[in-house]
1. Can you figure out the FRET efficiency of E76 with S56, using R₀ = 45 Å and their beta-carbon distance, to the nearest 0.05?
2. Quote the charge dipole size of the stretch 5-239 about the Cα centre in Debye, to the nearest 20; the model charges only the Cβ of Lys and Arg (+1) and of Asp and Glu (-1).
3. Among bridges DSSP assigns within the stretch 5-239, what percent are antiparallel (round to 5)?
4. Go through T161, V118, G140 and say which Cα lies farthest out towards the positive end of the charge dipole of the stretch 115-171; charges sit on Cβ, +1 for Lys and Arg, -1 for Asp and Glu.
5. What residue among D59, D213, D68 has the largest mean-square fluctuation in a Gaussian network model of the chain, using Cα springs under 10 Å?
6. Taking a ≥ b ≥ c as the square roots of the Cα gyration tensor eigenvalues, with a/c under 1.5 meaning rounded and otherwise prolate when a/b beats b/c, else oblate, which class fits the stretch 81-214?
7. When the chain is fully extended, how far beyond the present Cα-Cα distance does T46 get from E83, taking 0.36 nm per residue of separation?
8. Per the helix-only calculation at 222 nm, which mean residue ellipticity applies to the chain, given -39500 (n - 2.57) for every DSSP H run of n ≥ 4 and division by its residues, nearest 500 deg cm²/dmol?
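Bear in mind these aren't lab numbers, they're just calculated from the coordinates by the rules spelled out. Since we're looking at a predicted model, the values are computed, not measured. Cβ coordinates were reconstructed from backbone atoms using ideal geometry, including for glycine residues, and neighbour counts include every protein chain displayed.
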Amino acid sequence: MSKPIIGITGEVRVVDDARTGGARVQLNLNYAEMVARAGGVPLIITPHSDAKAVASLIDGLLIPGGLDIDAKEFGEENHPANELQHPDRFRIESEVYRALPPQTPVLGICYGCQFVNVMQGGKLEQHTPDRVGSHTHSTGETQQYVVEPDSRFAGVVGADTVLGKSYHHQAVSEVGQGLKVVATHEDGTIEALEGTTERFCILVQWHPERTPDDEATVRLFQSFIEGAAWYREQKHATVS
C-alpha cells in the first residue's frame, strides 16, 4: 500500500510584491518534514483548491499554526490584541473540514487546535495574558503540560506529562461538541483536546513540529500517520 497523503493548509499572506500578485501561500517546512519523517506524503492545500476533491483525496488533515480566528466565528467581538487570519485560509479550511469523511484523521496544532474547536461549536479565550497576567504562553519557552491519564492522547505520547514550545496568546475556553480536554498547563490553560469518537483527532495548543527529536513529538506524528495509513487502506478496500 502506498504512503498516506496528508493535506496541510497553507498560510495566506498579503505582500507588497508585484511578482507574486500581492499574495502568497506559505508553510513552515517543519510541518511537512515531520509528516514525511513519519511516513506520510505532505500536500499543501491552497485557497483555490476544490474542497470536496481534496477531502476525498487526502488520508489525513493537518491544520498548522497561524494567526487569530475572527471572533465573529464564535459570536464575539475581537480583542484589540488579535491579528486576524486571512479569510481565504479560514474559508478553505472550513470547506475541507466540513467535507471530510467522518473517519479522516485530523491533527491540529496551535491555531489548528483552536480552529477545530470553533468548528465544533466551541469558543476561545482571546487573550490569555488578561487572565494569567503574563505573556508566558507566547514566548516560545519550553513548558510542561499535564496529560489526562485515561485519554487516547496519553496512550499516544506514552507519558503523564509532555514538554512543548508555546507561541500562542489565545486558547480554548469553551470546548466544542465531540471534544474533550486531555492536557493542561499549571495555570489552567487548555493545551490539548481529543475527539470522543474512534476517529483519530488530536489537537495540541503548542508546536510539536518545533521539537522534532522529542519522544512525545515523534510518537504523536507517527500515530497520526499510522491512523492515516489505516484509513487509506480502508478506503481502498471499500473501493475494490
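1. Numbers: r = 34 Å, r/R0 = 0.75.
That gives a FRET efficiency of 0.85.
2. Details: 19 positive and 33 negative charges, 151 e Å.
Here the stretch 5-239 has a charge dipole of around 720 debye.
3. Working: 22 of 38 bridges.
Once the DSSP bridges in the stretch 5-239 are tallied, antiparallel ones form about 60 percent.
4. Of the candidates, V118 comes out farthest on the positive side.
5. D213
6. Values: a/c = 1.60, a/b = 1.10, b/c = 1.45.
It comes out oblate by the Cα gyration axes.
7. Details: separation 37, 0.36 × 37 = 13.32 nm, distance 2.05 nm.
Gain in length upon complete extension: 11.3 nm.
8. Values: 7 runs with 73 residues, N = 240.
Rounded to the nearest 500, it is -9000 deg cm²/dmol.
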